[in-house]
Amino acid sequence: MRILVTNDDGIDAPGIRKLVQIALKFGEVTVIAPDGQRSAASHQSTFGTPLRIKEHGFGIEGVKAYALSGTPADCVRVGVLKMVEPKPDLVLSGINNGFNMASDIQYSGTVGAAFEAAFYGIQAIAVSIGNLDYIELVDIYLPGLLEEYIKKPLAKDQVWNINFPECTPAECKGVLHDMIVSKDDFYDDDITAEKQDDGSFILTEVAKRNWNASEGTDLHAVINNYIAVGPVNNIS
């Protein structure tokens, strides 16, 4: 199996190294990831501006890695159209340091990269965890989840989305499958405005979250220390 791995935290992020180590159990891995932080890039793509790609010393034997000046979606497009031949059988995106569920999916560069793979008819899985301090959960559960989902059928323009909770293995209650994306009100953000001497304003976002959700949703699952797995629609 030819596997393309990317992320939105940048090629040097610890989460992508963990994902590559696990992905190697399933096939040949090529990494193409942003050369720096691209969180909240969503499905943004670069058109009309040349991109720069450079081989990157990833330090894992047998893995070719490249840093790209573009977005996570760009990384997948470059991989599919230029760098991985024949095209990848599977795209894995992550492991993101922070959840990608509920309304956050709209902003997620991690999920956006998976959506780009779906455009090309390639099986794609996005993987996120509330906090990388709990990465031991990934070691325990992700190999089995990939074994189950790397070939599990998806509808056109769908990807699999996996979110690990912020808890220890002892606190984790297991895996909930077929979770739907929460439509509950997740954001309660505000913006403060500080007037400057020249009449302009400095605007600062105050991020707040509503940690309540309907049963059967991705958000409800992780709140209750379950791993949430479910399909996400690219176009709906």
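Descriptive notes on the structure:
- Among residues other than residue 216 with Cβ under 14 Å from its Cβ, the summed charge is -3 (Lys and Arg +1, Asp and Glu -1).
- Ascending count of other beta-carbon atoms within 10 Å, so fewest first, for 197, 185: 197, 185
- Cα centroid of the stretch 130-157 to Cα centroid of the stretch 163-236, whole Å: 19 Å
- Antiparallel content of DSSP bridges confined to the chain, in %, to 5: 35 percent
- Per-residue [θ]222 nm for the chain (sum of -39500 (n - 2.57) over DSSP H runs n ≥ 4, rounded to 500): -6000 deg cm²/dmol
- Put in order of Cβ neighbour count within 10 Å, fewest first, the listed residues 89, 74 become 89, 74.
- Computed over the chain: relative contact order in percent, which uses C-alpha pairs under 8 Å that are six or more apart: 18 percent
- Between residue 61 and residue 45, the contour length at 0.36 nm per residue exceeds the Cα-Cα span by 2.7 nm.
- Stretch in the chain that is longest and holds no GluC sites (Glu not before Pro) that DSSP places in a loop and that have at most 14 other beta carbons within 10 Å: 62-170
- Neighbourhood net charge (11 Å Cβ-Cβ; Lys/Arg +1, Asp/Glu -1) for residue 16: -1
- Computed E for residue 103/residue 194 - FRET, C-beta separation, R0 25 angstrom, nearest 0.05: 0.40
- Within the stretch 182-223, the trypsin sites (Lys or Arg not before Pro) that combine a DSSP coil assignment with at most 14 other C-beta atoms in a 10 angstrom radius are 183, 208.
- Per-q log10 I(q)/I(0), the chain, q = 0.07, 0.12, 0.15 Å⁻¹ (Debye; single scatterer per alpha-carbon; no solvent): -0.23, -0.64, -0.96
- Violating pairs (Cα-Cα greater than 26 angstrom) within the set 18/151; 18/183; 54/156; 87/183; 82/156: 18/183; 54/156; 87/183
- Taking all Cα pairs closer than 8 Å and separated by 6 or more residues, the relative contact order of the stretch 10-95 comes to 34 percent.
- Under 19 Å from the Cα of residue 208 - aspartates and glutamates, other chains or at least 8 residues apart: 104, 166, 184, 185, 188, 189, 190, 218
- Which of 110, 30, 192 has the fewest Cβ neighbours within 10 Å, and the rest in rising order: 192, 30, 110
- Loop-located chymotrypsin sites (Phe, Trp or Tyr not before Pro) in the stretch 31-115 (DSSP state not H, G, I, E or B) with no more than 16 neighbouring Cβ atoms inside 10 Å: 47, 107.
Values quoted throughout were computed directly from the atomic coordinates according to the rules given, and no laboratory measurement underlies them. All values derive from a computational prediction rather than experimental measurement. Backbone-built Cβ (ideal geometry, glycine too); neighbour counts: all protein chains shown.
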